[in-house]
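S.K.: I have a structure I would like to understand better, so I am pasting it below and will then ask my questions one at a time.
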Amino acid sequence: MTEWINPEQVGDLLKPGMTVFIAGATAEPREILSALAQQGDGCEGVRFISVCVPGMNGGTFSDLHERAQATAFFATRENRQAVASGRIDFLPMQYRSIFDYLENDLNIDVAILQLPPLGDNDTFGLGISADFAPAVLQKAGIVIGEVNDRQPSPPDTQRFPVSRLDYGVSCDRPVPTIPSSDLDDTARIIGGHVADLVEDGSCLQIGIGSIPEAALAALSAKNDLGLHSGLIADGIMALVKNGNLTGRKKTIDTGRHITGVALGGDDLLEWAGSAGDIAFRPVSYTHDLGVLRQIDNFVSINSAVEIDLLGQINAETLGGKQISGPGGAADMMRGAAWSRGGKSIVALNAMAGGGKHSRIVLNLAPGNATTALRTDVDYVVTEFGARRIKHLSVRERAEALIEIAAPQFRDQLRDDWRARL
């Protein structure tokens, strides 16, 4: 039977040496985290682990106590310094691998997550964030739920029995939101190039950021699109309401919009929490290659920091410092490669630093990570066009990438490429 406690009592349940899973995205238990921050002694010697969403979750768990430890899969604006200093252990893993790690390879003493209120039956729903919690709920020694009166309870989400909730904390607070990006002219041009590659009936996966948002905004003339993605965003809601995204052509989950979490504004959260055709699924389903390969015409749309002339993608580091994480892009790119008629699209601005630097480079900068291998890359898009490099030779793909670099950098890129031959 669930024991109801105050948030200030959660710290008393934690002991040195414990590993504590903290849910991310819209399931982040902010009432409990606020109490732990005020009474940090309960966090001494505890290791916190969480999959944070940059722009929504800070991931600063090492700040809860000077002897608290943390493991992160993303660097965020708030925790980057702690990641760089080693105060937080950064673990580079793709999404599907994170789920397997949590489910099979890591002992979880306590799981803490935010939940919607209990419905009419004896199960709790995971609300609009079903991504990683299913990996830990059955194995955690203690499950603590922050039951938020404002957390949406969608009709089709993952559920677990109320008997599995050991402790409950009641709260009434806003659900975390993430603002839409400001789309400049360059992002809109790139979005238009991406949209040109998307055919009617395609099933979409999108990442986070202004370029995926711009791509969604440019799809308003397409028909019978589908969704199988780690996230559902404001732009997806607009396409559904406009009749562009119906899911009728999907080869599996026909008529269903598959997602792991809802990331957007209040209107999106309200809509996603009540729409009967949205299905919230864990990462073991949204990012699984065995599932993705069953989806015909699967199109993944993601962004990057830089790409080199070999086709290697860096989407997570800048100047050798971790600014994000591998995420699920490579999972989705490989899924698109296995899909009949599938395409993976990596879209990025051709320039950075106000036009001072090219994002298409001879080699990835020293110290920067390779998020996606050159063997993973299919289409590359900038504001100067789109090229498919998947089946090109090493020489041909370098030439193709130079063609969509910013004009002022093309001659230097050609000279540097010839010099390395």
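The values are calculated or read from the model by the stated rules, or taken from the named source; none is laboratory data. The shown structure was predicted, so the numbers you read here are calculated from the model rather than taken from an experiment. Heads up, the Cβs are rebuilt from the backbone with ideal geometry, glycines too, and the neighbour counts pull from every protein chain shown. These accessible areas exclude ligands, DNA and RNA; they are computed on the full protein's heavy atoms, side chains included. Shrake-Rupley method; radii C 1.70, N 1.55, O 1.52, S 1.80 Å.
S.K.: Compute the FRET efficiency between residue 15 and residue 411 as 1/(1 + (r/R0)^6), taking r as their Cβ-Cβ distance and R0 = 51 Å, and round to the nearest 0.05.
M.R.: Working: r = 63 Å, r/R0 = 1.23.
With a Förster radius of 51 Å, E is 0.20.
S.K.: Separate question: Work out Dmax and Rg for region 11-74 from the C-alpha atoms and quote the Rg first, both in angstrom.
M.R.: Cα only, region 11-74: 10.8, 30 Å (Rg, Dmax).
S.K.: So if we plug the beta-carbon distance of residue 149 and residue 6 into 1/(1 + (r/R0)^6) with R0 = 22 Å, what FRET efficiency do we get, rounded to 0.05?
M.R.: Efficiency for this residue pair is about 0.85.
S.K.: Going by average Cβ density within 10 Å per residue, which order do the peptides 184-190, 343-349, 409-415 take, highest to lowest?
M.R.: Values: 184-190: 17.6, 343-349: 24.6, 409-415: 14.9.
Ranked by mean Cβ neighbours within 10 Å, highest first: 343-349, 184-190, 409-415.
S.K.: Taking Cα atoms, how many degrees apart are the long axis of helix 185-197 and the longest axis of the chain, rounded to 10 and kept between 0 and 90?
M.R.: Between the helix axis and the principal axis of the chain, the angle is about 80 degrees.
S.K.: Would you mind counting up the charge near residue 312? Only other residues with Cβ under 12 Å from its Cβ, with Lys and Arg at +1 and Asp and Glu at -1.
M.R.: Value of the local net charge: -1.
S.K.: Running a GNM on the chain with Cα contacts under 10 Å, which residue among 303, 181, 202 ends up with the highest mean-square fluctuation?
M.R.: Highest fluctuation of the listed residues: 181.
S.K.: Would you compute, from DSSP H runs of 4+ residues alone, the mean residue ellipticity of the chain at 222 nm, taking -39500 (n - 2.57) per run and dividing by the full residue count, rounded to the nearest 500? Mind showing how you got there, number by number?
M.R.: Working: 14 runs with 107 residues, N = 421.
Computed ellipticity for the chain at 222 nm equals -6500 deg cm²/dmol.
S.K.: Where in region 1-104 are there GluC sites (Glu not before Pro) that are in a DSSP coil and have at most 15 other Cβ atoms within 10 angstrom of their Cβ? Walk me through the numbers on the way to the answer.
M.R.: On the way: sites: 3, 8, 31, 44, 66, 78, 103; in loops: 44, 66, 78.
Taking region 1-104 and a limit of 15 other Cβ atoms within 10 Å, the loop GluC sites (Glu not before Pro) found are 44, 66, 78.
S.K.: For the chain, what is the Kirkwood hydrodynamic radius in Å, using each pair of distinct C-alpha atoms?
M.R.: Working: mean 1/r = 0.0453 Å⁻¹.
The Cα-based Kirkwood calculation yields 22.1 Å.
S.K.: Tell me the carbon and sulfur percent of the accessible area for the chain, rounded to whole percent, probe radius 1.4 Å.
M.R.: 45 percent
S.K.: For the chain, modelled as a GNM with alpha-carbon contacts under 10 angstrom, which of 384, 132, 48 fluctuates the most?
M.R.: 384
S.K.: Just add up the charged neighbours of residue 139: K/R +1, D/E -1, any other residue whose Cβ is under 15 Å from the Cβ of residue 139. Don't jump to the answer; show the numbers that get you there.
M.R.: Working: positive: 164; negative: 100, 103, 105, 109, 166.
Here the count lands on -4.
S.K.: Charges at C-beta only: +1 for Lys and Arg, -1 for Asp and Glu. How large is the resulting dipole of region 10-129 about its Cα centre, in Debye rounded to 20? If you can, show how the numbers build up before the last one.
M.R.: Working: 8 positive and 15 negative charges, 92 e Å.
With Lys and Arg at +1 and Asp and Glu at -1, about 440 debye.
S.K.: Test of understanding: in a Gaussian network model of the chain with alpha carbons linked when under 10 Å, which of 12, 131, 296 would top the mean-square fluctuation ranking?
M.R.: Result: 12 has the largest fluctuation of those listed.
S.K.: If you don't mind, there's one more thing I want to ask. Within straight cross-link reach of residue 390, meaning Cα distance under 27 Å, which lysines are found once same-chain residues fewer than 8 apart are removed?
M.R.: Of all the lysines, those that pass the test against residue 390 - Cα under 27 Å, at least 8 places apart if same chain - are 222, 249, 250, 343.
S.K.: Sort 338, 271 by accessible area with a 1.4 Å probe, largest first.
M.R.: Numbers: 338 135, 271 40 Å².
Order by accessible area, largest first: 338, 271.
S.K.: Looking at region 56-206, I'd like the Rg to Rh ratio, where Rg is from alpha-carbon atoms and Rh is Kirkwood's inverse mean 1/r.
M.R.: Values: Rg = 18.9 Å, Rh = 18.5 Å.
Answer for region 56-206: 1.02.
S.K.: Can you tell which of 350, 121, 88 lies farthest toward the positive end of the dipole of the chain, using +1 and -1 charges on the Cβ of basic and acidic side chains (Lys, Arg; Asp, Glu)?
M.R.: Of the listed residues, the answer is 350.
S.K.: Let me ask something else. If eta is 1.002 mPa s and T is 20 °C, what Stokes-Einstein diffusion coefficient results for region 169-311, Kirkwood Rh from Cα pairs, in µm²/s?
M.R.: Working: Rh = 15.7 Å.
D = 136 µm²/s.
S.K.: Let me ask something else about it. Rounded to the nearest 10 Å², what accessible area does residue 203 have for a 1.4 Å probe in the complete protein model?
M.R.: Approximately 0 Å² of residue 203 is accessible to the 1.4 Å probe.
S.K.: Using the Cα centre of region 1-55 as origin and beta-carbon charges of +1 (Lys, Arg) and -1 (Asp, Glu), tell me which of 52, 39, 2 is placed farthest towards the positive end of the dipole.
M.R.: Toward the positive end, the furthest listed residue is 52.
S.K.: Send over a whole-number figure in Å² for the accessible area per residue of the chain, probe 1.4 Å.
M.R.: Details: 16980 Å² over 421 residues.
Here the residues of the chain average 40 Å² of exposed surface.
S.K.: Go through 169, 362, 279 and say which Cα lies farthest out towards the positive end of the charge dipole of the chain; charges sit on Cβ, +1 for Lys and Arg, -1 for Asp and Glu.
M.R.: 362
S.K.: Additional query: Between residue 419 and residue 196, what is the spin-label point distance in nm, taking each point 7 Å from the Cα along the Cα→C-beta axis?
M.R.: Going from the residue 419 label point to the residue 196 one covers 3.2 nm.
S.K.: Still on this structure, please answer the following. What is region 206-247 by shape, rounded, prolate or oblate, if you read a ≥ b ≥ c off the alpha carbon gyration tensor as root eigenvalues and call it rounded for a/c under 1.5, prolate for a/b larger than b/c, and oblate otherwise? Provide the component values of the computation, followed by the final result.
M.R.: On the way: a/c = 1.93, a/b = 1.34, b/c = 1.44.
Because a/c hits 1.5 or more and a/b fails to exceed b/c, region 206-247 counts as oblate.
S.K.: Report the charge-dipole magnitude of the chain in Debye, nearest 20, computed about the Cα centre from +1 at each Lys and Arg Cβ and -1 at each Asp and Glu Cβ.
M.R.: Working: 38 positive and 52 negative charges, 307 e Å.
In total the dipole reaches around 1480 debye.
S.K.: Size of the dipole of region 268-383 about the Cα centre, Lys and Arg at +1 and Asp and Glu at -1 on the beta carbon, nothing else charged, in debye to 20?
M.R.: Details: 9 positive and 11 negative charges, 47 e Å.
So the magnitude is around 220 debye.
S.K.: Normalised radius of gyration for region 1-142, please: alpha carbon Rg relative to 2.2 N^0.38 Å, two decimal places. Before the final figure, lay out the partial values.
M.R.: Numbers: Rg = 14.5 Å, N = 142, 2.2 N^0.38 = 14.5 Å.
After normalising by residue count via 2.2 N^0.38 Å, the value is 1.00.
S.K.: Please report the spacing between the Cα centers of region 265-300 and region 355-385 in Å, no decimals.
M.R.: 28 Å
S.K.: With the crude spin-label approximation of a point 7 Å out along Cα→Cβ, what separation in nm comes out for residue 104 versus residue 37?
M.R.: The two pseudo-label positions are separated by 3.7 nm.
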